[in-house]
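The values are calculated or read from the model by the stated rules, or taken from the named source; none is laboratory data. Quantities reported herein were computed from a predicted structural model and do not represent experimental measurements. Neighbour counts are summed over all protein chains in view; Cβ atoms, including those assigned to glycine, are modelled from backbone coordinates with ideal geometry.
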């Protein structure tokens, strides 16, 4: 006699994962969801064009050393590469990040998430990991691969030996962009239920602060006011990371403090906005 | 209390200056418990405090013997919560959504997917499980919320207004599911509702909240039973003085439809027929004719009205 299989509600007797790993589920699902949008995958592919150009440049240099006279591959070239990627950082942040929390707020999903055994920090961490993964894909990964290309085509480690600071500088400069962009976008995404509005807010935060900076420079004639621009602060700090003289007169410590302040404000906003209940005072 | 699924010990919750729960102490026994109260009584706030969404200003909350403030993750891993408002993860179909909720609750990916299929069939969404959640009707959204609450096989379910917005047939099916879970599947549950028939049909115990405080609690049968005997009375003549006379004689009167007054007679019954004689005697004194007098079964509505009226 075959056993009768209960097809109604059955109790679960299988294994359960340890608590504290829900962030990885959120991250994995978020990444898969973003990649399922074809145009976003295309954007990611296109963002590697500068890497292809850089690789061709390095290859040309190995074939024709005189190329170094007109198009040098030095430590500055890697800094330049990371700054070139800023435009892709901007687009990826907008397209992958603006809906991360806003969509959940629109669909009342926060109460679903937070009724599960996960902390608010895990939820934020999972969402952060989604955006950070894509941003590292367009900054850190191609920059490090470009270094690998340089070593491979040169056939020796001379460049790295001569510029020992380049690897940590590349990592730090990339991670700074990832951290600032992802934290700012997540905070903005938690403020609204509209993805478009969040995208406009983020673009506004980047362009508006830069526009104010340009205006202030025109009025004061000094770049000491560069601290008002998020982008200028990152450039200032990047210069120091790559052992270059800061391009703005704003002290680097001020730029660092501004960026740290931005991070603190972002996480404070997230702490207030990501809750199971919305309390209207 | 060992037999309690949930206990609240002098719990107060406030939103800003607005108190939502005021020094509430109550124990929810295992089984199916109805959490009743008018709108704004604090039912949803109580559930949200038990989930750790809002921190109490004072007091201690325990769920399945675990302190909510100290072990919130363990508490939530053993809970299923069906929220009052619509809620879903955007862009997912039903089976992906429920499986995702299972994974968030700690189930491995394959098990979560298998459970998702099972619970979707159980709640009646088996055929619609590959449809996008955005396309679901209100009734289907209620079912999907129940499915996501059940996927990890919780020991205790919180159901917040589970029949909201459902048509009569859907409501009946939802109540059947809830009743089946509580009485046949061994899932303890707390059903928060302002619909008394829903609670009366599915639950064995009830906790009545009013203005953030406990108005009454206990087994429905007990609450309905011994505290009063109920009679339906219809009279011809001046009605108001008759009701006043009954109240003066220690009875409680409630007007219902079609001129019928429900009369609650407190205290133990000493002689059979004594209550009817007292009512008729008062009618005689007031000069009204009794046209209709019969025993009525007390309902949860009576319990609720009495509790909320007294609190």
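Give the number of residues within the stretch B:299-311 that are surrounded by fewer than 18 Cβ atoms within 10 Å (Cβ to Cβ) and either modelled with pLDDT of 90 or more or closer than 14 Å to residue B:230 by Cα (or both).
The first filter runs over the stretch B:299-311 and keeps only residues surrounded by fewer than 18 Cβ atoms within 10 Å (Cβ to Cβ), leaving B:299, B:301, B:305, B:309-311.
Applying the additional criterion that residues be either modelled with pLDDT of 90 or more or closer than 14 Å to residue B:230 by Cα (or both) yields B:299, B:301, B:305.
Here the count works out to 3.
Annotation note: Cβ proximity below 6 Å between a residue of the stretch B:119-148 that is without any contact (Cβ under 8 Å) to a residue 24 or more places away in the chain and a residue that is surrounded by 19 or more Cβ atoms within 10 Å (Cβ to Cβ) and not in a loop (DSSP other than H, G, I, E, B) (sequence gap 6+ or interchain) occurs for B:126/B:120.
Taking the stretch B:3-39 as the search range and keeping residues that are in a loop (DSSP other than H, G, I, E, B) and touching a residue at least 60 places away in the same chain (Cβ under 8 Å), which one is surrounded by the most Cβ atoms within 10 Å (Cβ to Cβ)?
We begin by selecting, within the stretch B:3-39, every residue in a loop (DSSP other than H, G, I, E, B); these are B:3, B:16-17, B:30-31, B:37-39.
Still in the running and touching a residue at least 60 places away in the same chain (Cβ under 8 Å): B:30-31, B:37-39.
Numbers: B:30: 19, B:31: 18, B:37: 27, B:38: 14, B:39: 7.
It comes out as B:37.
Listed conditions (1) out of contact with any strand residue (DSSP E or B) (no Cβ under 8 Å at 6 or more places or on another chain); (2) touching a residue at least 12 places away in the same chain (Cβ under 8 Å); (3) under 18 Å from residue A:103 (Cα atoms); (4) in a loop (DSSP other than H, G, I, E, B) are all met by residue B:85, apart from (2).
Scoring residue B:16 on the criteria (1) within 8 Å of another protein chain (Cβ to nearest Cβ); (2) on the phi > 0 side of the Ramachandran plot; (3) at pLDDT 95 or above leaves a single failure, condition (3).
Scanning the stretch B:249-287 for residues that are in a strand (DSSP E or B) and either in contact with a helix residue (DSSP H, G or I) (Cβ under 6 Å, 6 or more places away or on another chain) or surrounded by 13 or more Cβ atoms within 10 Å (Cβ to Cβ) (or both) returns B:252, B:253, B:254, B:261, B:262, B:263, B:264, B:265. Counting only strands (runs of 3 or more DSSP E) that sit completely within the stretch B:175-227, those holding 2 or more residues that are closer than 24 Å to residue B:10 by Cα and free of Cβ contacts under 8 Å to residues at least 24 places away in the same chain correspond to B:213-219. The set of residues in the stretch B:71-120 being facing chain A (nearest Cβ under 7 Å), under 19 Å from residue B:138 (Cα atoms) and more than 25 Å from the chain's Cα centre (by Cα) consists of B:89, B:90, B:91.
Picking from residues in the stretch A:93-112 that are part of a helix (DSSP H, G or I) and without any contact (Cβ under 8 Å) to a residue 40 or more places away in the chain, the one that is farthest from the other protein chains (Cβ to nearest Cβ) is A:104. If you check A:218, A:211 for being assigned to a helix (DSSP H, G or I), over 24 Å from residue A:84 (Cα atoms) and out of contact with any strand residue (DSSP E or B) (no Cβ under 8 Å at 6 or more places or on another chain), only one passes: A:218.
For (1) touching a strand residue (DSSP E or B) at 6+ places or on another chain (Cβ under 7 Å); (2) away from every other protein chain (no Cβ under 14 Å); (3) in a helix (DSSP H, G or I), each residue gets a yes or a no:
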residue	(1), (2), (3)
A:69	no, yes, yes
A:72	no, yes, no
A:83	no, yes, yes
A:118	no, no, no
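Looking for whichever is facing another protein chain (nearest Cβ under 9 Å) and either modelled with pLDDT under 85 or surrounded by 10 or more Cβ atoms within 10 Å (Cβ to Cβ) (or both) here; the options are A:12, A:59. Which one fits? Break it down stepwise before answering.
Values: A:59 fails: facing another protein chain (nearest Cβ under 9 Å).
Residue meeting the stated conditions: A:12.
Counting just the residues of the stretch B:46-58 that are out of contact with any helix residue (DSSP H, G or I) (no Cβ under 9 Å at 6 or more places or on another chain) and surrounded by fewer than 23 Cβ atoms within 10 Å (Cβ to Cβ), which one comes out farthest from the other protein chains (Cβ to nearest Cβ)? Per the stated criteria, the residue is B:58.
Yes or no: the stretch B:160-183 includes at least one residue that is over 17 Å from residue B:198 (Cα atoms) and buried (at least 18 other Cβ atoms within 10 Å of the Cβ).
Within the stretch B:160-183, the subset over 17 Å from residue B:198 (Cα atoms) is none.
No; the residues of the stretch B:160-183 include none that is over 17 Å from residue B:198 (Cα atoms) and buried (at least 18 other Cβ atoms within 10 Å of the Cβ).
If you go through the stretch B:231-248 and pick out every residue that is part of a strand (DSSP E or B) and out of contact with any helix residue (DSSP H, G or I) (no Cβ under 7 Å at 6 or more places or on another chain), you end up with 3.
Return the residues of the stretch A:120-147 that are within 14 Å of chain B (Cβ to nearest Cβ) and in contact with a helix residue (DSSP H, G or I) (Cβ under 6 Å, 6 or more places away or on another chain); say none if nothing qualifies. A:122, A:123, A:125, A:126, A:127, A:130 - these are the residues of the stretch A:120-147 that are within 14 Å of chain B (Cβ to nearest Cβ) and in contact with a helix residue (DSSP H, G or I) (Cβ under 6 Å, 6 or more places away or on another chain). When the stretch A:17-31 is filtered for residues that are facing chain B (nearest Cβ under 10 Å) and either surrounded by fewer than 20 Cβ atoms within 10 Å (Cβ to Cβ) or in contact with a strand residue (DSSP E or B) (Cβ under 8 Å, 6 or more places away or on another chain) (or both), the ones remaining, listed by number, are A:17, A:18, A:19, A:20, A:21, A:24, A:28, A:29. Set side by side, the residues A:90, A:78, A:40 differ, and just one is within 14 Å of chain B (Cβ to nearest Cβ) and surrounded by 13 or more Cβ atoms within 10 Å (Cβ to Cβ), which is A:40.
Scanning the stretch A:120-164 for residues that are crowded, with 23+ Cβ neighbours inside 10 Å, assigned to a helix (DSSP H, G or I) and without any contact (Cβ under 8 Å) to a residue 60 or more places away in the chain yields A:128, A:131, A:135.
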